[in-house]
1. Please list 3J(HN,Hα) in residue order for region 471-487, calculated via the Karplus relation 6.51 cos²θ - 1.76 cosθ + 1.60 where θ = phi - 60°; whole Hz, with x for glycine and proline.
2. Can you compute 3J(HN,Hα) from phi for each residue in region 353-360, using the Karplus curve 6.51 cos²θ - 1.76 cosθ + 1.60 with θ = phi - 60°, rounded to whole Hz and x for Gly and Pro?
3. Amide H to amide H under 5 Å from L40: which residues, 5+ apart in sequence or cross-chain, H placed 1.01 Å off N in plane?
4. Report, in deg cm²/dmol and to the nearest 500, the calculated mean residue ellipticity at 222 nm for the chain, where each DSSP H run with n ≥ 4 adds -39500 (n - 2.57) and the sum is divided by the residue count.
5. Report, to the nearest whole %, how much of the accessible area of the chain belongs to carbon and sulfur atoms, 1.4 Å probe, protein only.
6. In the calculated pair distance distribution of region 108-237, what percentage of Cα-Cα distances lie above 22 Å?
7. For a Förster distance of 35 Å, can you work out the FRET efficiency between the beta-carbons of E233 and K407, rounded to the nearest 0.05?
8. Over 44 Å, how big is the tail of the calculated P(r) for the chain, in percent of all Cα pairs?
Amino acid sequence: MPDTQRLMVLAIDAASPALLKRWTADGTLPNLARLEARGLRGDLAAIWPFHTGSTWPSFYTGCNPAQHGIYWLQQLQTGSYRTRAMGAAEFGRRKALWETLSDAGHDVLVLDVPLSRLSPALRGRQVVEWCSHDAIFGLQTMPSELATRILTTIGNHPAPAPCDAAHRTLAEYQHFAGELVHGATSRARLTRMLMADAPWDFAIQVFNEAHCAGHQLWHFHDPHHPAFDPAVEAVSGDLLRSAYVAIDAAIGAVVADARPDTTIVVVTLHGMSHYTGYSRLLPAILTGLGASTPRGSEQPAASLTIGERFTRAVRTIYHLIPESIRRPFYEFRAEVGTRVLNRDTPLPIDPKRSRCFHADMGPLVGGIRLNLIGREPLGTLARGSEADAFSDELTAQLLELVDPDTKQPIVRRVLRTRELFDGEYLEDLPDLLVEWDLSRPVGSSAVGDGAASTIQAFSPRVGLLTLANAYCRTGEHTPEGMFIACGPGIAPGQLDRIVLTLDLAPTFSALLGVEMTGVDGSVIPELLGR
């Protein structure tokens, strides 16, 4: 490998691989098509079922979730019944790819990699959260004065942060799509400016515009989504497509500046499709099965203190408020508490009467934490045979759940984390993972006319559970990804197997002659010209 070897990674965050392939083939994305014509295309698999919150940390560390300990933005504090926001310490538990390269003497340029902290003592430059879908740290740069230059020269990203908004009009959706298009163009300017500023051996930029577009604009693309309106789409066009086209143009502009010896990898680590939302029913399901008891439920009023009675009265009034009003208020309050006031949040359970409880992992997979004696402060289940028997029973009960309309099961399987992963943070992760059937799209009362916006589940044990969906996202993640790689020694074609996102970091490191140790991923030999 020559000393002048360069590696440029351009990631499209949460883009649909199926759409990238279709629009590359039909000429919609000409710059990706040109890269594919001279490069190797391969399919990726994210770290299922932890792929949503763990995707980026698993990518840049090459480690599984039990090794880096990240599964969501707010996680249970082990040894408590409270959750708190993950911060720089947690995201820095394992060395990132660019830190390994920097330590080996390579100059690096790291731009807007989601869920990553500002790396101390980095040899090169780094921009954190100029625009990132899940902002944690705010805009930070290394060196620090780089932030001022970016804001003076490029400005802020034009899209709102966060990008979620309920009850957008067509004009507002069109404006939002335009902001994403403008943002992709601005991101290309920023990337080209910083790449030209100083020498680099490794550079990575992440086009986060696809992530926001997928969540907010999916119903302008997918005719099977309940919120899709042919009459509206005839006026607006496919707004999701417009964001992908802008990103393709931005990638073309960045690639045009690359030296001939540069290895270029375009990648999406996980995909996008319609929203389903069964995870939001999981707390009620666990309550209905008698596995978890909500805080303050079924306690005799006479046994409560005056303060507890007041709290119960306030909670009762709070739950009388329609969810469409209550949920945004709750999310805002939680965001302020965790991000601004740095507070942790108590779980809404009675631990003395719960054998397990819900551990939020997002909408795709349901997380369940066992209330184990010796691990949890008020554990009710003994490790070993008692916990295993309970897990078997709960699994069987979850598999009984069906959609009341179609009568089809809504749970595909229930997995045990300890059988999937191993690592020093295994005890921090949810113990059981509920894999939902994601085939049926769900609408939202906050989008369009609110069609099909009810999430339902039924079993003889829990009866009928119904939840009105007021979540404004119409698109949600899938675990599929893909890459296109071209450069010296890489043979064009299609890779004959699916590789893991865990494999990318050790492969990228090896491309620059550095071994990334202590990782779970393996080197992809085809990207090294072998």
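The values are calculated or read from the model by the stated rules, or taken from the named source; none is laboratory data. If you're wondering where the values come from, they're calculated on a predicted model, not measured in any experiment. Glycine also receives a Cβ, built like all others from the backbone with ideal geometry; neighbour counts cover every protein chain displayed. These accessible areas exclude ligands, DNA and RNA; they are computed on the full protein's heavy atoms, side chains included. Shrake-Rupley method; radii C 1.70, N 1.55, O 1.52, S 1.80 Å.
1. 6, 7, 7, 9, x, 9, 6, 10, x, 8, x, 7, 9, 10, 10, 9, x
2. So the J values, rounded to whole Hz, are 10, 10, 8, 7, 7, 6, 10, 4.
3. A485, C486, G493
4. -9500 deg cm²/dmol
5. Roughly 55 percent of what the probe reaches on the chain is carbon or sulfur.
6. Details: 3513 of 8385 pairs.
Of all Cα-Cα pairs in region 108-237, 42 percent lie more than 22 Å apart.
7. About 0.65, to the nearest 0.05.
8. Summing the P(r) tail past 44 Å for the chain gives 17 percent.
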